[in-house]
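Have a look at the structure below, then the notes.
The values are calculated or read from the model by the stated rules, or taken from the named source; none is laboratory data. Quick caveat: nothing in here was measured; it's all calculated off a predicted structure. Cβ placement follows ideal geometry from the backbone for every residue including glycine, while neighbour counts extend to all protein chains displayed. For the accessible areas, the whole protein counts, side chains as well, though only heavy atoms, and no ligand, DNA or RNA atoms are used. Shrake-Rupley method; radii C 1.70, N 1.55, O 1.52, S 1.80 Å.
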Amino acid sequence: MSSATQVPSPKVRPPEERAARRFAPPPLVLFLGTRLLRGVLVMFLLSIIAFGLVHMLPGNSVDLLAGPYSTPEVRAQLTRDLGLDGPLIEQYTHWLGNVLRGDFGISVFNGQPVRTLIADRLPNTLELAIAATIVSIAWGVPFGAIAAMKRGRFFDRVARSATFLGLATPVFAFGVALVLFASMVMPSWPTLGWVPFTADPVRNVQALVLPALALGLPLGSTICRYMRASMLEVYEQDYMRTALATGSTRLQATVRHGLRNASGPVVTIAGLQLAGMVGQSILIENVFAIPGIGQLTVTSILQKDYAAAQACILLLGGVFVVMNLVVDLFYPLINPKVGGLR
């Protein structure tokens, strides 16, 4: 007795499930939306931290403005004028409301809007950060790739030693060493100070070289190590073995197939380093006397300039959040499996 072949009937989904799947957002939209919400939450928490830390510092603006011999009446009037007489939660909500409207307050020491101070100094910090990123990528990526190609050889040992030196040396130590070296070898080279690009492009580039090297060389050590490790993993893949077996040289296989597949972690690290460089510029800008956000942050904290200090801390954190988002946007283009593109 032959039994008829039973064809399984297709699974019928309930109408509610079909409607939910129809209106579900694309994976990439969900991927980026989650990170946007995370960035907003981070900025909110950072605003609380920035406000709290600045107000926890010993002393305040009134102490510096009034002086040690001021009367209690003068101090009380200054406290009211600066809006420091209310509870901290009230001061925070008032400040945050102004920030959301783009008003960062007035600097108590020069009377200028904090937004103007930041707008004047932010281009200098971004120029330094971009130049340092170019330096770090320019030596980190090729040295890391060549070290992986020459694994175990002399070049690989030299590259790894250089990365250990770069990781172990603080950026301000590199800055001081470069200032001393340039002063002895090239006395005419500008080692300290800053000239805007619009005023004198040549002097601007000259003033940018040393701080960009001091900031980019140590951070390029991280890129070099990640690039070497990523390339070594790529060399173990089947497509690289196939390319080498079909007659391609190691250099040809690296250029055609290896670099793109190994660049995912490097892009992530480079993007995060660009954000981190804006924060680390606090050290370099003070070493090389560059009027940027880092120098403004230190000056504002020392002067107890609450409005300027809070705005600078919030800006540095905002740059880091934005660069994380940019990396998340760019990474799916390199690896389509991320974000549901494939």
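If you check Ile130 against the conditions, is it in contact with a Leu (Cβ under 9 Å, 6 or more places away or on another chain), closer than 30 Å to Leu232 by Cα and open to solvent by 80 Å² or more (accessible area, probe 1.4 Å)? It would help to see each step written out before you state the result.
Details: in contact with a Leu (Cβ under 9 Å, 6 or more places away or on another chain): yes; closer than 30 Å to Leu232 by Cα: yes; open to solvent by 80 Å² or more (accessible area, probe 1.4 Å): yes.
So Ile130 passes the test.
Restricting to region 111-124, name every residue that is farther than 12 Å from Ala307 by Cα and either open to solvent by less than 40 Å² (accessible area, probe 1.4 Å) or not in a helix (DSSP H, G or I) (or both).
Quick first cut of region 111-124, residues farther than 12 Å from Ala307 by Cα only: 116, 119-124.
Once the filter is applied, which keeps residues that are farther than 12 Å from Ala307 by Cα and either open to solvent by less than 40 Å² (accessible area, probe 1.4 Å) or not in a helix (DSSP H, G or I) (or both), region 111-124 yields only Asn124.
Can you name the helices (runs of 4 or more DSSP H) wholly within region 213-294 that have at least 3 residues being open to solvent by less than 10 Å² (accessible area, probe 1.4 Å) and touching a residue at least 24 places away in the same chain (Cβ under 8 Å)? Please lay out each step first, then the result.
On the way: elements: 238-245, 250-253, 259-287.
Output list reads 259-287.
Here is a list of conditions, (1) surrounded by 14 or more Cβ atoms within 10 Å (Cβ to Cβ); (2) hydroxyl-bearing (Ser, Thr, Tyr); (3) at pLDDT 75 or above, and Thr93 meets all of them except one; can you say which number that is?
(1)
Pairs, please: C-beta under 6 Å, at least 6 apart or cross-chain, first residue of a type outside the set (Lys, Arg) and in region 176-189, second open to solvent by 60 Å² or more (accessible area, probe 1.4 Å)?
Ala182/Trp189
Between residues in region 142-162 that are of a type in the set (Lys, Arg) and residues that are surrounded by 14 or more Cβ atoms within 10 Å (Cβ to Cβ) and not in a helix (DSSP H, G or I), which pairs lie under 6 Å by C-beta distance while being six or more apart or on different chains?
Partner pairs satisfying both residue conditions: none exist.
Which residues, counting only those in region 142-168, are under 27 Å from Val287 (Cβ atoms) and open to solvent by 40 Å² or more (accessible area, probe 1.4 Å)?
Phe143, Ser161, Ala162, Phe164, Leu165, Leu167, Ala168 - these are the residues of region 142-168 that are under 27 Å from Val287 (Cβ atoms) and open to solvent by 40 Å² or more (accessible area, probe 1.4 Å).
Among the residues that make up region 104-114, is at least one of them touching a residue at least 40 places away in the same chain (Cβ under 8 Å) and of a type in the set (Gly, Ala, Ser)? Steps first, answer last, please.
Keep residues of region 104-114 that are touching a residue at least 40 places away in the same chain (Cβ under 8 Å), which gives 104-109, 114.
Next, from what is left, pick out any that are of a type in the set (Gly, Ala, Ser): 105, 107.
Yes - at least one qualifying residue is present in region 104-114.
Scan region 96-110 for residues that are in a helix (DSSP H, G or I), open to solvent by less than 50 Å² (accessible area, probe 1.4 Å), over 14 Å from Cys312 (Cβ atoms) and among the hydrophobic types (A, V, I, L, M, F, W, C) and report the count.
Looking only at region 96-110, we keep the residues that are in a helix (DSSP H, G or I), and these are 96-100.
Filter once more, keeping what is open to solvent by less than 50 Å² (accessible area, probe 1.4 Å): 96-99.
From what's left, over 14 Å from Cys312 (Cβ atoms): 96-98.
Still in the running and among the hydrophobic types (A, V, I, L, M, F, W, C): 96.
So the count comes out to 1.
Where residues in region 296-307 are surrounded by fewer than 23 Cβ atoms within 10 Å (Cβ to Cβ) and in contact (Cβ under 8 Å) with a residue 12 or more places away in the chain, which of them is nearest to the chain's Cα centre (by Cα)?
Filtering region 296-307 down to residues surrounded by fewer than 23 Cβ atoms within 10 Å (Cβ to Cβ) leaves 298-299, 301-304.
Cutting the leftovers down to in contact (Cβ under 8 Å) with a residue 12 or more places away in the chain gives us 298, 301, 303-304.
Values: Val298: 18, Ile301: 21, Gln303: 26, Lys304: 26 Å.
Among them, the one singled out is Val298.
Take Gln310 and decide whether it is among the polar types (S, T, N, Q) and either open to solvent by 40 Å² or more (accessible area, probe 1.4 Å) or not in a helix (DSSP H, G or I) (or both).
Details: among the polar types (S, T, N, Q): yes; either open to solvent by 40 Å² or more (accessible area, probe 1.4 Å) or not in a helix (DSSP H, G or I) (or both): no.
Spelling it out, it is not the case that Gln310 is among the polar types (S, T, N, Q) and either open to solvent by 40 Å² or more (accessible area, probe 1.4 Å) or not in a helix (DSSP H, G or I) (or both).
Looking only at region 152-174, decide whether some residue is more than 26 Å from the chain's Cα centre (by Cα), in a helix (DSSP H, G or I), over 22 Å from Phe288 (Cβ atoms) and among the aromatic types (Phe, Trp, Tyr). Let's see the steps before the verdict.
In the first step, residues of region 152-174 are kept if they are more than 26 Å from the chain's Cα centre (by Cα); the result is 152-158.
Now restrict to residues that are in a helix (DSSP H, G or I): 154-158.
Add one more test, that the residue is over 22 Å from Phe288 (Cβ atoms), and what stays is 154-158.
If we keep only those that are among the aromatic types (Phe, Trp, Tyr) as well, we get 154-155.
Yes - at least one qualifying residue is present in region 152-174.
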